[in-house]
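Notes follow the structure.
The values are calculated or read from the model by the stated rules, or taken from the named source; none is laboratory data. These numbers come from a predicted model, not from an experiment. Please note: Cβ atoms are built from the backbone with ideal geometry, for glycine as well, and neighbour counts cover all protein chains shown. These accessible areas exclude ligands, DNA and RNA; they are computed on the full protein's heavy atoms, side chains included. Shrake-Rupley method; radii C 1.70, N 1.55, O 1.52, S 1.80 Å.
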Amino acid sequence: MKKFWGFLLVFLILQTSIGQSINDFIEKGLKENDISKKLPPIDSLVQMAKEYSPFIKVTVSEQKYRDGVVSSEQRAWLEYINLEAGYNYGIFDNLSNSQLAGDPGSQTLFSTEQSRYNVGASIRLPLSAILNRRARIKSAKGEAEKARFETQVAEVELKQKVVEMYNDLLKTHRLFFISGSIVDNFRVQSLRAEKDFANGIINVTEYTRLQQMMNQATMNFELLRSEFISSVMALEGIIGADLNI
């Protein structure tokens, strides 16, 4: 990249004698090919990255799990409540209506075939459960809050990464466009140099120098094209979608 900037400086110096300023030409071309107009807004890119990011999904899942632990600890005392129910069928001895009314004169029981149901509830709450319940709930809430903070931190870091990749894409595209303009300019000069060399207007040294600069410009163009493609793929990778540029 440093070689490119040095090459660009030399190129601009060589262009000072040209009627139309190369700076004006490049600036006009950059405005006409502003890639930021083809990209989604930065906020949309950040949102896409959040929805796609596997790491964000992990932290959100951990947060939900920790919230569930809090609810579980708050309901833990229900584990010590027992409900019992029974069902029996057979012949049972029963008191008569007069006996049920309190008449002591009749002591004879009568038997009937019937079904009986019984339901009961009991609670056995250990002392340790009472003393430790508040501590366990507090600990679970602390873990849940930690999970929420981890999600927030992950989202902030992801946003910074998306912004960094977005700006890097804009930069590499501008350099790629500039390098293409330089190659086009040198291609024209190379054709003219061939004619001037054939007509004896320039010597072999000058002709060779121009050809070497053309070759260097082409190498820089290919290097920056590769970096631009890598920048596009990197941003697409973090948002999980194609940019179609």
Tally up the residues in region 187-205 that are without any contact (Cβ under 8 Å) to a residue 24 or more places away in the chain and part of a helix (DSSP H, G or I), please. 11
Which condition does residue 162 not pass, out of (1) within 19 Å of residue 46 (Cα to Cα); (2) outside any helix (DSSP H, G or I), if it passes all the others? (2)
Does residue 220 satisfy the condition of being at pLDDT below 95 and open to solvent by 40 Å² or more (accessible area, probe 1.4 Å)? no
Could you tell me how many of the residues in region 140-179 are open to solvent by 30 Å² or more (accessible area, probe 1.4 Å), touching a residue at least 40 places away in the same chain (Cβ under 8 Å), over 17 Å from residue 236 (Cβ atoms) and among the hydrophobic types (A, V, I, L, M, F, W, C)? 1
When region 162-190 is checked residue by residue, the ones that are modelled with pLDDT under 85 and touching a Ser or Thr at 6+ places or on another chain (Cβ under 9 Å) are 186
Just to be sure, is residue 235 touching an Asp or Glu at 6+ places or on another chain (Cβ under 6 Å), under 22 Å from residue 40 (Cα atoms), open to solvent by less than 30 Å² (accessible area, probe 1.4 Å) and of a type in the set (A, V, I, L, M)? no
Determine if region 25-39 includes at least one residue that is at pLDDT below 90, touching a helix residue (DSSP H, G or I) at 6+ places or on another chain (Cβ under 8 Å), open to solvent by 60 Å² or more (accessible area, probe 1.4 Å) and part of a helix (DSSP H, G or I). yes
